[in-house]
Structure formats: C-alpha cells, structure tokens
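K.L.:
Below you'll find the structure I mean.
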Amino acid sequence: MATHEKSYTIRVSGLWTTRHEVSGPDGPVCTLTIHRNRWGRIDEGIYEPEKGEVLRIRREPGMLRGQFSFWTTAREWLASSLRPGLLRREFQLSTGSKPLRLVASAHFGRGWCISAPRTGEVASISWAACGRKARMDVHRRADLEVLLFAYFLGTLSSWESWLPGPQSATAQPAPSAG
C-alpha cells in the first residue's frame, strides 16, 4: 500500500502489552500490538490491517539494541533494522528496494524522522509531550507497512529523541553527482 502526503494519528492503549490504533483520513487503517517478555523487554509486534495479511515484527538474536525484522505470516521477509551504536540515535532500515534511516527529529520534542539517502525526508513521527497519542506525517511515496515498522522502532526509544537530532539527515536530499 503506497501513501503520499497523508497524516495518520495513532492512539495508544494498554500498559504492558500496548495496542496502537492507526487512523488515516478515511478512518481506521490498522492496529499494531507490541508485546513484552516477562522482564519488560519488547520482543515482538503484530501488525493487523483492517484488510489484508497480518505481519509480524520480531527481535533478532544478538546483542545490538534495535535489531528487529519484519515478516509476513508466510515467512516472507519485508524489512530489518539495525542500530549501529548503543549511544547513537539512529536506526538503519533495510527494505530490499531502498535503505532508510530513522533519526531523531531536528527540533525539541519527542519525534523521529524517516529519510532516504537520495530523496531526503520521507515521513516524520511525533509524540505528544505527555500523552499517549502520536502523529505520522508522510511526505513522499512509501509503503505504510515500512513506515509502521519505523514507528515500532521509534516507540522503543521515543524519549531518546527529545533533543534535536542531526540536521543534515532531515534537511535536503544528497546533491546529485555531475
């Protein structure tokens, strides 16, 4: 499902197992349920669209924080993430067709920016300062499933994005060679 210049609102409910209800301009779109293990670590997410296939996000074995993969129920790989450093506020997303980066937004407040290396900012995610609502603004054509995977990663560390992130990642696309 491709999107372009849309805004989505996300309402969060639940404490241990959180339920994120995503609504678009035309009404409810999907639900993302995030599950924790008994120690409180987020282990998986389940993406349930209003129509279509249920998708799973699962933690990959490894020591790195933010290492998740996104799968269909038929075990088809859709995307994966990697957080290269413990203190870096950046996730690298691999989708097979194009790489994306999730970096802290360029302003104060809880939020992340999804950017592509050549075209610049794809979408932005922002949370209310003290609430359980979020907003995702899509600026360029992108799959909603991949954007919700990025939202899932952003929920892991939404408070880490309070301070402004690197301006270069969110500003303009890379200059063309030639």
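K.L.:
How large is log10 I(q)/I(0) at q = 0.12, 0.19 Å⁻¹ when the Debye formula is applied to the Cα atoms of segment 2-170, each weighted equally and without solvent?
P.N.:
Cα-only, vacuum Debye calculation for segment 2-170: -0.48, -1.40.
K.L.:
Would you tally the net charge around Arg11, using a Cβ to Cβ cut-off of less than 11 Å, leaving Arg11 out, and scoring K and R as +1, D and E as -1?
P.N.:
Spelling it out: positives minus negatives among the neighbours equals +3.
K.L.:
When the Karplus curve 6.51 cos²θ - 1.76 cosθ + 1.60 is applied with θ = phi - 60°, which whole-Hz ³J(HN,Hα) does each residue of segment 120-133 get, with x for Gly and Pro?
P.N.:
Values per residue, Gly and Pro as x: x, 5, 9, 7, 9, 10, 9, 10, 5, 4, 9, x, 10, 10 Hz.
K.L.:
What does the extension gain come out to for Glu5 and Glu48, with contour length at 0.36 nm per residue minus their alpha carbon separation?
P.N.:
Result for the pair: 13.2 nm of gain on full extension.
K.L.:
So for the pair Trp71, Ala128, with labels modelled 7 Å out along Cα→Cβ, what separation do we get in nm?
P.N.:
3.6
K.L.:
Explain nothing, just the number: dipole magnitude of segment 2-170 about its Cα centre with +1 on each Lys and Arg Cβ and -1 on each Asp and Glu Cβ, in debye rounded to the nearest 20.
P.N.:
Taking the Cα centre of segment 2-170 as origin, the dipole is about 460 debye.
K.L.:
When Lys and Arg each count +1 and Asp and Glu each count -1, what net charge do the other residues less than 14 Å away from Tyr47, Cβ to Cβ, add up to?
P.N.:
-4
K.L.:
Identify all lysines with a Cα-Cα distance to Lys133 below 28 Å; exclude those on the same chain that are fewer than 8 residues away in sequence.
P.N.:
Here the lysines satisfying the reach criterion relative to Lys133 are Lys6, Lys51.
Taken together, the values in this text are just the output of simple stated rules run on the coordinates, not laboratory data. Because the structure is a prediction, the values reported are computed rather than measured. Here Cβ is always computed from backbone atoms with ideal geometry, including for glycine, and neighbour counts include all displayed protein chains.
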